[in-house]
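Worksheet: one structure, shown below.
The values are calculated or read from the model by the stated rules, or taken from the named source; none is laboratory data. Worth saying up front: this structure is predicted, and the values here are computed from it rather than measured. Methodologically, a virtual Cβ is constructed for each residue, glycine included, from the backbone with ideal geometry; neighbour enumeration extends over all protein chains shown. What goes into the accessible areas is simple: the full protein's heavy atoms, side chains included, and nothing from ligands, DNA or RNA. Shrake-Rupley method; radii C 1.70, N 1.55, O 1.52, S 1.80 Å.
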Amino acid sequence: MRSKRGLRHDRAMAIIEVRDLTKRYGGRAVVDEVTFSVEEGEIFAILGPNGAGKTTTVEMIGGLRRPDGGSVRVMGLDPIADPRRTKEILGMQLQESQFADRIRVGEALELFSSFYPSPVPWRQLMEELGLSEQERTLFSRLSGGQRQRLSIATALVGSPKIAVLDELTTGLDPKARRDTWELIEALRDRGVTIVLVTHFMEEAERLADRVAVIDRGRLVALDTPRGLISSTASRQVMRFRPGTPLDPDDLRDLAEVETVTDEGGTLTVTGSEGLVYAVTSLLARRQVVAHELRVDTATLDDAFLALTGREPETEETER
Amino acid sequence: MRAMWLEIRDELVGILREPTALFFSVLMPVGFFTFFVAMFGEAWENAGTAMIVPFGTFGVLAVVLMNPGIGMADAHQRGWLRVKRVSGIPLWMTIAAKVIASIPYAVAVLAAITASAVFVGDMRFDAGEVAVVFAVLVLGVLPFAFFSVAIGSRVGANAAAAILNAILMPSAIVSGLWFPYEMLPEAIARIGSVLPTYHLARLAMAPVDGGAWLGHLLVLAATAAVGAMVATMAYRSARL
């Protein structure tokens with residue numbers, strides 16, 4: 001199996017090993033025996049809806065939370081037992097992190113660079129990330145995109161081998177999002193292994209060499225984006241608006257149908273080969289006209305829906 | 001060392017860029033001091049002198065017990081502590097910087113109370129005595145900053161303010177910081193005598209009245225050791 005960069009996953013070295021990782025709050029497993037490894041030099045996406053357990057998973061990888069079960073190794077180090085050495089090789093940018101309003105960009109970078117034995121020159125990093133003109137700007141006065149770039153900068157100033165980026169483009173406008181994607185790709189090209197946490201399908205499909213799909217705390221799939229889509233290739237997706245009321249359960253009763261969702265009167269039906277014939281036959285029997293009918297090939301969104309039974313979140317649903 | 005200095009600089013710069021907290025933190029104890037001296041100052045000689053040690057103790061306690069903890073709670077709530085925790089900074093450095101950065105608050109409140117004593121009361125100290133009392137108070141109050149940081153690591157800013165106030169006011173009263181210790185009922189005075197706040201006041205008074213100081217110093221040293229442990233454990237286990 002090859003990734004976007006041609007890495008052979010059966011031979012590449014694992015830089016992060018996660019085995020049966022578990023975290024419980026109030027008796028409920030929010031991360032439930034998750035197992036995967038991240039290979040050196042890849043962009044590894046952890047994809048799932050909000051509340052799936054993605055951030056908790058990477059927090060345990062970074063040593064911010066103690067697992068209740070299983071193990072994490074970052075280049076052989078236990079992040080809980082050896083936090084200092086782990087943080088020298090693992091840079092993290094986590095969601096729900098905010099800098100102090102009254103700190104300036106240059107001060108923040110100078111401060112964080114002092115925490116590491118061999119940091120990247122922070123002025124050089126500031127320039128590479130397009131923040132030179134904001135060196136004396138207070139954090140409270142930065143735009144959303146500038147704040148994200150500062151977050152990336154503080155995650156990278158220690159010259160880490162691995163960067164964990166958690167929901168980095170949430171809340172950004174489309175241009176800022178695409179600029180950030182280019183930044184991430186440039187990082188990977190410099191040899192930094194990236195763990196990317198996201199709930200945007202497009203982002204995972206565009207950037208990731210491999211994708212781990214997490215839902216309700218469990219790992220439901222792990223493959224390249226193409227591999228995940230291929231597993232649904234035999235699946236078909238139909239979207240239409242029925243001209244007269246149609247009970248979705250009538251569609252679900254068809255053997256070829258796997259899922260039916262209703263969004264404001266538009267039905268989305270996924271299923272296996274023969275879906276189109278089965279559905280159109282049913283509509284004909286019920287004398288229901290299908291308006292705005294579309295039959296699509298599977299995308300990562302469809303793979304997600306097939307794996308989890310739920311619609312993926314998009315920029316529109318996020319707003 | 002450089003990282004420690006930059007961490008302290010970050011805290012101090014925060015105070016300078018948002019001086020409102022400093023101003024109002026100093027205002028309360030100075031206000032109380034001025035009020036008490038004005039109300040009761042004529043009742044005895046050298047009222048400014050007599051009150052500066054207990055009110056100076058209350059003043060440094062008020063600012064050092066409240067501000068590091070509220071600052072920590074605010075940093076916790078907004079996610080700033082989260083950014084620091086995933087970086088390479090050692091836990092102890094963040095805590096130590098917060099404690100050391102409380103010194104300007106202590107110095108400011110003592111300067112303001114002294115100025116008030118000069119103008120409102122009858123200030124009779126010599127410079128050497130003042131310097132020693134100030135040094136004792138500024139250093140002796142630092143153990144309390146650890147407890148403040150511990151509380152701020154675990155709760156939000158509003159809750160931190162309420163909890164720290166609930167600790168400060170009763171401690172100050174039973175330690176004889178508002179009313180002369182000798183005037184307190186025996187049962188209350190006995191409670192006060194075991195509190196670190198009482199020992200801080202006695203240690204600060206020792207250069208003035210020549211009283212014993214070693215026992216009080218040992219209590220504060222033990223308070224510092226316990227406080228540092230509690231702050232470290234609280235911050236380490238905080239859910240950021």
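Conditions: (1) farther than 24 Å from residue A:153 by Cβ; (2) open to solvent by 10 Å² or more (accessible area, probe 1.4 Å); (3) in contact with a Ser or Thr (Cβ under 9 Å, 6 or more places away or on another chain); (4) of a type outside the set (Asp, Glu). Residue B:85 meets all but one. Number of the miss?
(1)
I'd like the full set of residues that are in contact (Cβ under 8 Å) with a residue 24 or more places away in the chain and in contact with a Pro (Cβ under 7 Å, 6 or more places away or on another chain), limited to region A:236-272.
Result: A:267, single match.
Could you list, in sequence order, the residues of region A:71-117 that are more than 10 Å from chain B (Cβ to nearest Cβ), closer than 16 Å to residue A:193 by Cα and open to solvent by 40 Å² or more (accessible area, probe 1.4 Å)?
A:73, A:75, A:76
Among the residues of region A:267-282, how many are part of a strand (DSSP E or B) and among the hydrophobic types (A, V, I, L, M, F, W, C)?
Total meeting the criteria: 2.
From the set of residues in region A:221-235 that are assigned to a helix (DSSP H, G or I) and modelled with pLDDT of 75 or more, which is surrounded by the most Cβ atoms within 10 Å (Cβ to Cβ)?
Among them, the one singled out is A:228.
So, in region B:20-38, how many residues would count as being under 12 Å from residue B:52 (Cβ atoms) and either of a type in the set (Phe, Trp, Tyr) or surrounded by fewer than 19 Cβ atoms within 10 Å (Cβ to Cβ) (or both)?
Residues meeting the conditions: 2.
Hey, which of the helices (runs of 4 or more DSSP H) in region B:1-111, taking only ones fully inside, have at least 1 residues that are of a type in the set (S, T, N, Q)?
B:20-40, B:47-78, B:91-100
Restricting to region B:191-214, name every residue that is among the charged types (D, E, K, R) and modelled with pLDDT of 90 or more.
B:202
Where residues in region A:196-220 are open to solvent by less than 10 Å² (accessible area, probe 1.4 Å) and touching a Gly at 6+ places or on another chain (Cβ under 7 Å), which of them is farthest from residue A:42 (Cα to Cα)?
Here the answer is A:217.
Can you tell me which residues in region B:221-240 are surrounded by 13 or more Cβ atoms within 10 Å (Cβ to Cβ), over 16 Å from residue B:92 (Cα atoms) and at pLDDT 95 or above?
Selection gives B:222, B:223.
Among the helices (runs of 4 or more DSSP H) contained in region B:173-240, which hold 1 or more residues that are under 30 Å from residue A:25 (Cα atoms)?
Qualifying helices (runs of 4 or more DSSP H): B:214-237.
Of all residues in region A:165-195, count the ones that are in contact (Cβ under 8 Å) with a residue 60 or more places away in the chain and either in contact with a His (Cβ under 6 Å, 6 or more places away or on another chain) or buried (at least 17 other Cβ atoms within 10 Å of the Cβ) (or both).
Qualifying residue count, region A:165-195: 10.
Would it be correct to say that residue B:62 is within 14 Å of chain A (Cβ to nearest Cβ) and closer than 25 Å to residue B:165 by Cβ?
For residue B:62, the condition - within 14 Å of chain A (Cβ to nearest Cβ) and closer than 25 Å to residue B:165 by Cβ - is not met.
Tell me, please, whether a residue that is of a type in the set (Ser, Thr, Tyr) and open to solvent by less than 30 Å² (accessible area, probe 1.4 Å) can be found in region B:176-195.
Checking region B:176-195: not a single residue is of a type in the set (Ser, Thr, Tyr) and open to solvent by less than 30 Å² (accessible area, probe 1.4 Å).
If I filter region B:79-92 down to residues being under 25 Å from the mean Cα position of the chain (by Cα) and within 11 Å of chain A (Cβ to nearest Cβ), which single residue comes out as farthest from residue B:151 (Cα to Cα)?
Residue satisfying both the conditions and the ranking: B:90.
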